Each structure stands twice: as structure tokens, then as C-alpha cells.
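Comments concern the structure below.
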Amino acid sequence: MFHRIDSPAVSPGSFASPAQAQGWRPGIVSDEVAHGEIFASAREGTGAAMALALAQDRLASAGLDPLADMPDQRMWLWVQDRDALRRSGRPYRPGLPRSLRHRLIHVAASTAEDALFALEEGLRCRDLAFAIGEISGNPKALSFTASRRLSLAAERHGVPLWLVRLDARRDLSSARMRWQASAAPSPQPRWNAAAPGAPRWRAELFRARGHPPGEWVLGPGNREKLTARPEERLSEAPTGAQSKARLEGRMALA
């Protein structure tokens, strides 16, 4: 799913430190269909915000279809179970990326079982651009078998999936990449020190297929493409400069 750039290739199964694996772009598309998990606190809205950033960057990296008459306007799916809805709230359309606001299909499921069923059915629809799911805690319904079903559906039908695990402990999963995410202080804005800075996430990649694990700070790079830099000592955000990752996450989930 992810490739390195500007640095020697790291073959699957090899080991590299975050400093050695610093030149890769999370959104670059490979032949492998994405099925990722993001573990995050429900108090920040970081998980959904990071999932949206990864999904949007993946779409941008894919480029335009030379045979298409118009830009990609496929719908995308966001599924929440009842507890996730209670903890983080419904998506707030004006807080979503402008290009995605009118394309959202939102499903509020009563149980984790219903949410997983809706996600699996959605992944079978090739007309969806991607899917995001939010599941709270560690319900029995989200077993390794259920996770494997989601992986197979995503791979078979070509619809990427990011499953946000709210306030959950790490368990067995077939997800190709598994992240632990939290909001990171934004860099100080260039022109207005009192304004929110660019969004950044402190992200630990603790399991991956084809890429070494490590800790990175994710944020916009050149041309607003999502980039991963080695984990660094982040100072507290300057006065007036909030973490935009946390701010936008709360707006999107209000």
C-alpha cells in the first residue's frame, strides 16, 4: 500500500529504523488494496481525521483516469456503530474536505455486528471510492474471522477500507497496516501566529505488510500531499496555534 521515496528500498521482512525509513508517502497507491486500522482516542477525533487524510491522499496519488470524461465523483461510505456514534458524534458535512462533502453515504448502525455487515456489503460495491468504519472498543463481533472477511472483500472488489478503533486495545486482525494515532502539535503558521497550524498526527505503525514498523509524524508536505517524517520531540503548540488535526477531527465528528 505504501512506498518509500528518496531512500533505498526496504524489502518486506527487513528491519529499518524510523530515521532510515523517513522518505515514504502514506498515500501512494500500490497494487495492494488498502485495509488499514487506526487505533485512537474518542476524545480527540484523531482517528477519523487521519483516516480521511489517508483516503484523500490515496485518491490524489492515484491520479486521473485518462479515459474518464470527468474527475472521480464516486460516493464514499462512513459507517458507525451506536457506541462510536455516542462517543464521537455524527459526521459534520461542512467540516469535511470540500471535494468529499456531497459524496458521503453515512450509516448509523445499532450494533457492531450491523456495522460490520454494512461495511462488508459496501466493500462489495465497486462504485465506492473508499470506506471508513468506526467501531468502539473490542466487541466480540470484530473477531479475526470478521476482520479477514473485510480484507477479502476489499481486495476482491478494489474498495479501500480504513477501520477506526475507538478506545480499543490491540487485538488480532488481518488489516494490512495498523496504526496507533494521536493528535500532534501543529507547526507555527508562517504568516499568522494566532491561527491554527497545519494538521499533524503522531502515528505509530506497529504492524504492516511490506513496510518496517516505526513512529512518524504525519502531515502535509509538498503540494499538500501527506508525508511521513521520523518521530521527533514535539514541543507544545505555541500560544494560539492549536493542533488542527484535533480541531478538524472534532468539527468533522460534531
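The values are calculated or read from the model by the stated rules, or taken from the named source; none is laboratory data. Note that the structure is predicted; figures quoted are calculated from it, not measured. Please note: Cβ atoms are built from the backbone with ideal geometry, for glycine as well, and neighbour counts cover all protein chains shown.
State the number of residues belonging to region 52-95 that are modelled with pLDDT under 90, outside any helix (DSSP H, G or I) and within 16 Å of the chain's Cα centre (by Cα). The total comes to 0.
The strands (runs of 3 or more DSSP E) falling completely within region 113-218 that include 2 or more residues that are at pLDDT 95 or above and surrounded by 15 or more Cβ atoms within 10 Å (Cβ to Cβ) map to 128-136, 161-166.
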